[in-house]
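The values are calculated or read from the model by the stated rules, or taken from the named source; none is laboratory data. This one's a predicted model, so the numbers in the text were calculated from it and none came from an experiment. Methodologically, a virtual Cβ is constructed for each residue, glycine included, from the backbone with ideal geometry; neighbour enumeration extends over all protein chains shown. These accessible areas exclude ligands, DNA and RNA; they are computed on the full protein's heavy atoms, side chains included. Shrake-Rupley method; radii C 1.70, N 1.55, O 1.52, S 1.80 Å.
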Amino acid sequence: MRIAVLLPVILCAATLVAPGRALASGPRYQVAFTSFAPLESDLFLADADGSNERPFASSPALEFDASFSFDGHWVVFSSTRDGSTDVYRVHPDGTALERLVDDPAFDAQAALSPNGRTLAFVSTRSGQADIWLMDLLSRKARNLTRNQAGDFRPAWSPDGKWLAFSSDRNSKSPHIPANDFVIRHSTEIYIIKPDGTGLRALTADGMYAGSPSWSPDGKSVVFQTANLTELRKLTSIRREPGTTQLEAVEVGTHKRVVLTRGEGEKFSARWLRDGRIGYANGSVNGGIDFTSGTPGARGVFRHPDWTRNGRRLVFERESLGQWPPHRDAVSRDPDFALLRVGVFASYSPDGTHRVSNDQPGAARHNSIMMMNADGSSVRPIFRHETKNAMGPAWSPQGDRIAFSLGQFFQVLLGPAIGDIAVIDTEGGALTIVTDGTANYALPSWSPDGRRIAYRRAGPNGNAIEIIDVSTRVQRELVAGTAHFNQPAWSPVSDRIVFMSDMEGDYELYAIDADGGNLQRLTHSPLHDAHPSWSADGQWLAFTTGRGGFKDETPLRNGNPQAYGEIAVMRADGTDVRILTDDAFEDGTPAWVPSH
């Protein structure tokens, strides 16, 4: 099943706005959101076994996806140092830094051809992740794969006559289990000639096969594999340890051989000239390993790549940094500035303070954190010893905060009870307003602060419900056998937007608070979720999957919905604009008050 689809051309007039640098008139709105991208990611050079590491091409931005040129004179890598993700090259001694690809789209996963004249890279400038080729002399680029699905991780054959890559164009199993919200990402290995001819698949397993690398003689390709059960572990927000193996396939005969055995995560295999294959072992006590000989250094080594003579290694390493973040982010539309913050942020009506979850994932054991709107003076205001306090929502009157209290993410963690709770802004006066009979979550206040809309899930059926906070009278707004989730009450009317799969995939719907005037707002083959109203009721921010995957998801553990981008649309569902473009899950948008 195809799980990455062509993004409609809706941003032709959009202008890239670098962090902290708006147009002269300034953006009309600011949207805060959370992201599963690392807060910090740096490149390192090391000896072939990973020892004697030293920082390389450092900047405050994200640096990743580094690889050596065939002659070892260049390192190409991706970076956000100039705003959007672009491709750069630099000599191993740090000199002659040059940006090769400069486009508002996501550009990454680059590899130089054996003769050093052509750059292969992944770009979303056509609406989805395709393999592009750039002539470095003319700087002209062309789309090589031109497929509505996603294509990733190009690798040149030693003679420059072929490129291997992974693709989800024939993805078979999008959900495991069937009612899971998260789309799993199965990929296969393909090869293609630089002129676009000769395309053929080297694998067809309906599982995960990724990150190809050619043997020195150009006759075989090594890659990593995992079944879909292990794939779910690798992409889980709980960062469960999983198992991958390394395999090789003969290009001419398609004969395959399994190169590794046993449990553990094995990634980014590279065939070295001495016949060994080096790779990153992502397991506990992992590090740089080889298919034969002495293991290398221990520690975290992401996306390692070796020079062809096997003497030097380049890799990346992520660190969490200080959470929750407060950072300007790149927006593809000048009318809407972006701010990266914590999960499920909500602002006080006067715009002076913000609350959010304290953990980088909503499925974890969260507390409610309070901070100034600029991210300073962070302090916890509510924590439960055993229950998850998730999804805080500030009341329109500014005196109370509603949130979900219990266990949630039932597909991931198992059935449980959740309730809607209310506290004052100091974290006191805890009141449980629901009846403790279902999994209630994700509250949203009515404009007058008297009612709360929320989702109900569990054995008694799924629904969006409304409760009167003072009388505790609950009523169903919309219910059925489908899933209903994430209600958002307009701040200026009795219109409520919510997410549901009542017509197959997850879309956004709007309904009046009395149950009338149900309207479908989005029409996308992939998920639309996390709706949030602007203060004037004119716009909705939400998360959308319509841009598709941008990379192989197992390469970034704990990034379960890597297809999620932040988008906005008008309240009637028109004028959709995609604001983010990256390989990570972006979600839980909230509008920053303008005063």
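Residues that are within 24 Å of Asp551 (Cβ to Cβ): list the strands (runs of 3 or more DSSP E) wholly contained in the range 255-323 that include at least 3 such residues.
Working: elements: 256-258, 266-271, 277-281, 288-290, 302-306, 312-319.
It comes to 266-271, 277-281, 302-306, 312-319.
Report the residue count in the range 289-301 for those that are closer than 15 Å to Gln224 by Cα and open to solvent by less than 50 Å² (accessible area, probe 1.4 Å). If you could, list the steps in order and put the result at the bottom.
Taking the range 289-301 and keeping what is closer than 15 Å to Gln224 by Cα, we get 289-291.
Filter once more, so that each one left must be open to solvent by less than 50 Å² (accessible area, probe 1.4 Å): 289-290.
The qualifying residues number 2.
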Task: Options Ala562, Ala529; residue that is in a loop (DSSP other than H, G, I, E, B), in contact (Cβ under 8 Å) with a residue 12 or more places away in the chain and among the aliphatic types (A, V, I, L, M) - done: Ala562
Task: Answer residue from the range 268-310, given it is of a type in the set (Asp, Glu) and modelled with pLDDT of 95 or more and is nearest to Gly72 (Cα to Cα) among those - done: Asp305
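What's the total number of residues in the range 327-338 that are open to solvent by 10 Å² or more (accessible area, probe 1.4 Å) and not in a loop (DSSP other than H, G, I, E, B)? Don't jump to the end; show me each part of the working.
Filtering the range 327-338 for residues open to solvent by 10 Å² or more (accessible area, probe 1.4 Å) gives 327-330, 332-335, 337.
Keeping just the survivors that are not in a loop (DSSP other than H, G, I, E, B) gives 327-329, 337.
Looking only at that region, the number is 4.
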Open item on the list: Which count do you get for residues in the range 199-232 that are among the charged types (D, E, K, R) and surrounded by fewer than 19 Cβ atoms within 10 Å (Cβ to Cβ)?
Closed with: 4
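Any idea which of Gln519, Gln561, Gln538 is under 23 Å from Ala345 (Cα atoms), out of contact with any Asp or Glu (no Cβ under 7 Å at 6 or more places or on another chain) and of a type in the set (S, T, N, Q)? Give the steps one after another, and end with the answer.
Numbers: Gln519 fails: under 23 Å from Ala345 (Cα atoms); Gln561 fails: out of contact with any Asp or Glu (no Cβ under 7 Å at 6 or more places or on another chain).
Every option except Gln538 fails the conditions.
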Task: Any pair with Cβ under 6 angstrom, 6 or more apart, that starts in the range 182-197 at a residue that is closer than 30 Å to Glu507 by Cβ and aliphatic (A, V, I, L, M) and ends at one that is at pLDDT below 95 and outside any strand (DSSP E or B) - done: Val182/Pro560; Val182/Gln561; Ile183/Ile3; Ile183/Pro174
Task: Total residues in the range 126-162, condition within 19 Å of Ser78 (Cβ to Cβ), of a type in the set (D, E, K, R) and open to solvent by 10 Å² or more (accessible area, probe 1.4 Å) - done: 2
Open item on the list: Tell me whether the range 164-182 contains one or more residues that are at pLDDT 95 or above, assigned to a strand (DSSP E or B) and farther than 28 Å from Gly587 by Cα.
Closed with: yes
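Among strands (runs of 3 or more DSSP E) lying entirely in the range 430-523, which contain 2 or more residues that are of a type in the set (Val, Ile, Thr) and open to solvent by less than 20 Å² (accessible area, probe 1.4 Å)?
Details: elements: 439-445, 451-457, 462-468, 474-480, 484-489, 495-500, 507-512.
Qualifying strands (runs of 3 or more DSSP E): 462-468, 495-500.
Residue check: is Ala96 free of Cβ contacts under 8 Å to residues at least 60 places away in the same chain and part of a strand (DSSP E or B)?
Numbers: free of Cβ contacts under 8 Å to residues at least 60 places away in the same chain: yes; part of a strand (DSSP E or B): no.
Spelling it out, it is not the case that Ala96 is free of Cβ contacts under 8 Å to residues at least 60 places away in the same chain and part of a strand (DSSP E or B).
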TODO: Could you list all residues from the range 113-125 that are open to solvent by 10 Å² or more (accessible area, probe 1.4 Å) and either under 14 Å from Leu136 (Cβ atoms) or polar (S, T, N, Q) (or both)?
DONE: Pro114, Asn115, Gly116, Arg117, Thr118, Thr124
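Out of Trp591, Trp539, Trp533, which single residue is touching a strand residue (DSSP E or B) at 6+ places or on another chain (Cβ under 8 Å), open to solvent by less than 20 Å² (accessible area, probe 1.4 Å) and either at pLDDT below 95 or not β-branched (Val, Ile, Thr) (or both)? Working first, answer last.
Numbers: Trp591 fails: open to solvent by less than 20 Å² (accessible area, probe 1.4 Å); Trp533 fails: open to solvent by less than 20 Å² (accessible area, probe 1.4 Å).
The conditions single out Trp539.
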Open item on the list: For the range 49-92, give me the residue count where each residue is β-branched (Val, Ile, Thr) and surrounded by fewer than 17 Cβ atoms within 10 Å (Cβ to Cβ).
Closed with: 0
Task: Scan of the range 393-415 for residues that are assigned to a loop (DSSP other than H, G, I, E, B) and at pLDDT 95 or above, ordered by number - done: Ser395, Pro396, Gln397, Gly398, Asp399
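Name the residues in the range 39-61 that are in a loop (DSSP other than H, G, I, E, B) and modelled with pLDDT of 95 or more, would you? Talk me through it step by step, then tell me what you get.
Looking only at the range 39-61, we keep the residues that are in a loop (DSSP other than H, G, I, E, B), and these are 39, 48-53, 57-61.
Scanning the range 39-61 gives Ala48, Asp49, Gly50, Ser51, Asn52, Glu53.
Select from the range 298-354 the residues that are small (Gly, Ala, Ser) and closer than 27 Å to Ser59 by Cα and write down the one among them that is farthest from the chain's Cα centre (by Cα). Quick ask: steps written out before the conclusion?
So in the range 298-354, the residues small (Gly, Ala, Ser) come out as 299, 310, 319, 321, 329, 331, 337, 342, 345-346, 348, 351.
From what is left, the residues that are closer than 27 Å to Ser59 by Cα are 299, 310, 319, 321, 329, 331, 337, 342.
On the way: Gly299: 24, Gly310: 33, Ser319: 16, Gly321: 18, Ala329: 14, Ser331: 16, Ala337: 19, Gly342: 14 Å.
Step by step, filter the range 298-354, then rank; the result is Gly310.
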Task: Counted residues, the range 483-522 - those being modelled with pLDDT under 95 and in contact with a Gly (Cβ under 8 Å, 6 or more places away or on another chain) - done: 1
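Does Ala46 satisfy the condition of being open to solvent by less than 50 Å² (accessible area, probe 1.4 Å) and within 30 Å of Ser594 (Cβ to Cβ)? Spell out how you get there, then give the answer.
Details: open to solvent by less than 50 Å² (accessible area, probe 1.4 Å): yes; within 30 Å of Ser594 (Cβ to Cβ): no.
So Ala46 fails the test.
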- [ ] May I ask you to list the residues in the range 123-159 that are out of contact with any Asp or Glu (no Cβ under 7 Å at 6 or more places or on another chain) and part of a strand (DSSP E or B)?
- [x] Trp132, Leu133, Met134, Asp135, Lys140, Ala141, Arg142, Pro154, Ala155, Trp156
- [ ] Determine if the range 568-583 includes at least one residue that is at pLDDT below 95 and either among the aromatic types (Phe, Trp, Tyr) or more than 18 Å from Val341 (Cα to Cα) (or both).
- [x] no
Task: Members of the range 233-251 that are open to solvent by 30 Å² or more (accessible area, probe 1.4 Å) and at pLDDT below 90 - done: Lys233, Arg238, Arg239, Glu240, Pro241
